[in-house]
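A short worksheet on the structure shown next.
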Amino acid sequence: MSVPQPAPVRTAEGERMSSPPVLFVIDDDAGTARALRGDLARRFGEDFRVIGETSAAAGLAVLRGLAELHERVALLIVDDNLSGMPGVDFLARAHELHPQAKRVLLVERDYSARSPIVQAMTLGQADYHISKPWMAEEVLYREVSGFLAEWAKDQQAGFELFQVIGREDRSTHELRELLTKFSEPFRFYSADSRRGSELLAEQGLDGSRLPVMIRHDGYTMVEPTLDQIISASGGSVVNDVSECDVAVVGAGPAGLTAAVYAASEGLLTVVLEETVSGGQAGSSPMIRNYPGFPHGISGYDLTRRSCEQAWMFGAHMVFSQHATGLESRDGKHVVHLAGGHQVTAGAVIVGTGIAWRRLGVPRLEELVGSGVFYGAAGSELRAMAGQDVFVVGGGNSAGQTTLYLARHARQVTLVVRGDNLERSMSDYLIREIEATANITVRLHTEVTDGRGADRLEGLTLSDRRSGQDEQVPAAALFVLIGGEPRTQWLPETIQRRWGYVLTGRDVVQDGPDPWRWPLDRPPLPLETSVPGVFAVGDARYRSIKRVASAVGDGATAVRLVHEYLAPETADEPADEPQSVR
Ligand SMILES: Cc1cc2nc3c(=O)[nH]c(=O)nc-3n(C[C@H](O)[C@H](O)[C@H](O)COP(=O)(O)OP(=O)(O)OC[C@H]3O[C@@H](n4cnc5c(N)ncnc54)[C@H](O)[C@@H]3O)c2cc1C
């Protein structure tokens, strides 16, 4: 084994450029290691150095050498079953030496729930996998190109679309929160810092009105409004369409999908969104359960693509449009917007979602999807075998999740702010929790901080009575603290239960006015108690609270809008393929 010496690369002018980044492969089957290195070198050899080893000790020595030389490693491709050290442990140690590298686990394609990649992905111990034997070279190349594109994106993190100059006050804090929510790259400078004062002076400003926001091309806004921020980022905030076939309220996954389908099927479609597109999903750093993305996709990327797609089909997307009311007039529906504007539509699709309660701990928000989970999906729970995990919440969903986790995890701690569970959880769940040996309940306790660079490693628990903090190791945190549907803007005629909009068979058809269903036919699925108004996604009663379910609702609603707008075509075979433009 020898530590590879980087070949200095020089330009014609003789300046030293850094040598190409490394793709590092380790597999103690020398044949596999050689074959993979050969395949990678053929396709990526011009831009990357492909280096390999066949033993854990030799591999770590090589990586240590590269770290000492400050060489960049782009990918760590590690067999899951190295002799002497499990692949995930090697990845962890290698990643300490090269924290920028993307971690790839090389596994047998056995499609078994026991495969190490299942737990490694859930706990954030690996970013990607490659299956052995890899199929055609083109598939390998496409996948590795994707990994490298993500690595390259991280290297450009220095790009700042905006510079924000302000003080540690409320308005600056709100602006920073907004830019973070919109996923706009920005850098904050205190107005009292040297760089902050320089930037203000360059713009001829004295700092008496803050915050100030400077776009990379010099365009400057003082105390920017929501409209100005959205316009400066390239979004439209002016609605010049006052009549349409279908108005979609809310541009989360449900509304965006409805817009894609409605516009692609020839309906004049207007999307009215209070902030910018993406919804709750848009702020999720990693969505792992959306079909078609085995390594997950950031919620921002997923919803940005849907937004572009709806636009490409001709949907009119307008941001900073807060719907404040809805009324039905002369067979049409009028959406009222803050500021007095209104949009008249043949049908309305309501996709305004839920305001989920968040923990509000910045370090934990960064780790959502990498050990921190809002809600609880079955696959994540099962992947907790042998781990120490935490659940936050005092309601029934927190109780059920705790019990389910206890079947798999080594130890489960239920963290509850209040002094007892009785007020918020059903008795049968409390008794079952008390009878389960590997569950601990910590009352009057809050999660106030988290640790971990790429995945959750630990939590700070604070005792609300004594004020004492305790650091605990944690492999995962499940947050189940509830939320509230954003449906208060709807009129009384739209039936709701616990704020969620009733649709289809749940609509009460024979209630007193104003709740009486007015037609002879029953409500269509997803249709609310007002004919022609549909509800999709999280805001709908009995919805599944998942991105894919919201997407399914959005697509289905458009078919039902057609049925509502042109009932004479309703008997046509529903399964005829629809052609799209
Ligand atoms: C932190 C977090 C992580 C999650 N991770 C996952 C995951 O990994 N996988 C998964 O499947 N699900 C996940 N979910 C759930 C998922 O995000 C939601 O189920 C999904 O976003 C619901 O989509 P929606 O379109 O119904 O609503 P939302 O995404 O909530 O979108 C509603 C939109 O309506 C807009 N709006 C609200 N009121 C108005 C109004 N009056 N006027 C105009 N616009 C309005 C909002 O601004 C918002 O853009 C997560 C949720 C959270 C909070």
- (1) over 23 Å from ALA263 (Cβ atoms); (2) within 15 Å of the ligand (Cβ to nearest atom): which one isn't true of SER328, the others all being true? (2)
- Item | Selection within the stretch 175-187 - out of contact with any Leu (no Cβ under 9 Å at 6 or more places or on another chain) and surrounded by 12 or more Cβ atoms within 10 Å (Cβ to Cβ) | LEU175, ARG176, THR180, LYS181, PHE182, SER183, ARG187
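Rundown of residues vs (1) open to solvent by 20 Å² or more (accessible area, probe 1.4 Å); (2) farther than 13 Å from ILE349 by Cα; (3) under 29 Å from the mean Cα position of the chain (by Cα); (4) within 16 Å of the ligand (Cβ to nearest atom), yes/no style:
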{"position": "VAL508", "(1), (2), (3), (4)": "yes, yes, no, no"}
{"position": "LEU526", "(1), (2), (3), (4)": "no, no, yes, yes"}
{"position": "ARG540", "(1), (2), (3), (4)": "yes, no, yes, yes"}
{"position": "LYS545", "(1), (2), (3), (4)": "yes, yes, yes, yes"}
{"position": "GLY554", "(1), (2), (3), (4)": "no, no, yes, yes"}
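Might you let me know whether the stretch 292-303 holds any residue that is of a type in the set (Asp, Glu), at pLDDT below 95 and more than 27 Å from LEU490 (Cα to Cα)?
Of all residues in the stretch 292-303, those of a type in the set (Asp, Glu) come to 301.
Subsequent filtering for residues that are at pLDDT below 95 retains 301.
Within this subset, residues satisfying the condition of being more than 27 Å from LEU490 (Cα to Cα) are 301.
Yes, because at least one residue in the stretch 292-303 is of a type in the set (Asp, Glu), at pLDDT below 95 and more than 27 Å from LEU490 (Cα to Cα).
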- Single residue of the stretch 528-538 satisfying the filter (outside any strand (DSSP E or B) and away from the ligand (no atom under 12 Å from the Cβ)) that is surrounded by the fewest Cβ atoms within 10 Å (Cβ to Cβ): PRO531
- Task: Starting from residues that are more than 8 Å from the ligand (Cβ to nearest atom) and of a type in the set (Phe, Trp, Tyr), keep the ones in the stretch 278-304 and report whichever is surrounded by the most Cβ atoms within 10 Å (Cβ to Cβ).
- Result: TYR300
- Within the stretch 444-465, residues being at pLDDT 95 or above and among the aliphatic types (A, V, I, L, M) number 3
- Message: As an exercise: evaluate VAL561 against (1) more than 14 Å from the ligand (Cβ to nearest atom); (2) assigned to a helix (DSSP H, G or I); (3) at pLDDT 95 or above; (4) open to solvent by 10 Å² or more (accessible area, probe 1.4 Å) and give the number of the one condition it does not meet.
- Response: (4)
- Reported set for the stretch 355-371 where residues are modelled with pLDDT under 85 and either under 13 Å from THR460 (Cβ atoms) or near the ligand (Cβ under 8 Å from one of its atoms) (or both) is TRP356, VAL368, GLY369
- Selection within the stretch 464-492 - away from the ligand (no atom under 16 Å from the Cβ), open to solvent by 20 Å² or more (accessible area, probe 1.4 Å) and touching a residue at least 40 places away in the same chain (Cβ under 8 Å): ARG464, PRO473
- Message: Any residue at all in the stretch 240-260 that's without any contact (Cβ under 8 Å) to a residue 40 or more places away in the chain, more than 8 Å from the ligand (Cβ to nearest atom) and open to solvent by 50 Å² or more (accessible area, probe 1.4 Å)?
- Response: yes
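Can you work out which of the residues in the stretch 305-325 that are among the small types (Gly, Ala, Ser) and away from the ligand (no atom under 14 Å from the Cβ) is most open to solvent (accessible area, probe 1.4 Å)? Spell out the reasoning first.
Residues of the stretch 305-325 that are among the small types (Gly, Ala, Ser), as a first pass: 306, 310, 314-315, 320, 323, 325.
With the extra rule that they be away from the ligand (no atom under 14 Å from the Cβ), the set shrinks to 314-315.
Values: GLY314: 49, ALA315: 6 Å².
Once the filter is applied, the top-ranked residue is GLY314.
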- Task: Go through (1) touching a residue at least 40 places away in the same chain (Cβ under 8 Å); (2) more than 10 Å from the ligand (Cβ to nearest atom); (3) not charged (D, E, K, R) and name the single condition THR275 misses.
- Result: (2)
- Residue among VAL212, VAL164, VAL144 that is under 30 Å from ASP39 (Cβ atoms) and surrounded by 12 or more Cβ atoms within 10 Å (Cβ to Cβ): VAL144
- Query: Restricting the search to the stretch 338-360, which residues are open to solvent by less than 10 Å² (accessible area, probe 1.4 Å) and more than 23 Å from VAL551 (Cα to Cα)?
  - Reply: VAL343
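Matching residues to (1) buried (at least 19 other Cβ atoms within 10 Å of the Cβ); (2) more than 28 Å from ARG363 (Cα to Cα):
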{"residue": "ASP419", "(1), (2)": "no, no"}
{"residue": "GLU422", "(1), (2)": "no, yes"}
{"residue": "ARG442", "(1), (2)": "no, no"}
{"residue": "LEU456", "(1), (2)": "yes, no"}
{"residue": "SER462", "(1), (2)": "no, no"}
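The values are calculated or read from the model by the stated rules, or taken from the named source; none is laboratory data. Computed from a prediction, not measured in an experiment: that's the story for all the values here. We place every Cβ from the backbone using ideal geometry, glycine too, and count neighbours over all the protein chains shown. What goes into the accessible areas is simple: the full protein's heavy atoms, side chains included, and nothing from ligands, DNA or RNA. Shrake-Rupley method; radii C 1.70, N 1.55, O 1.52, S 1.80 Å.
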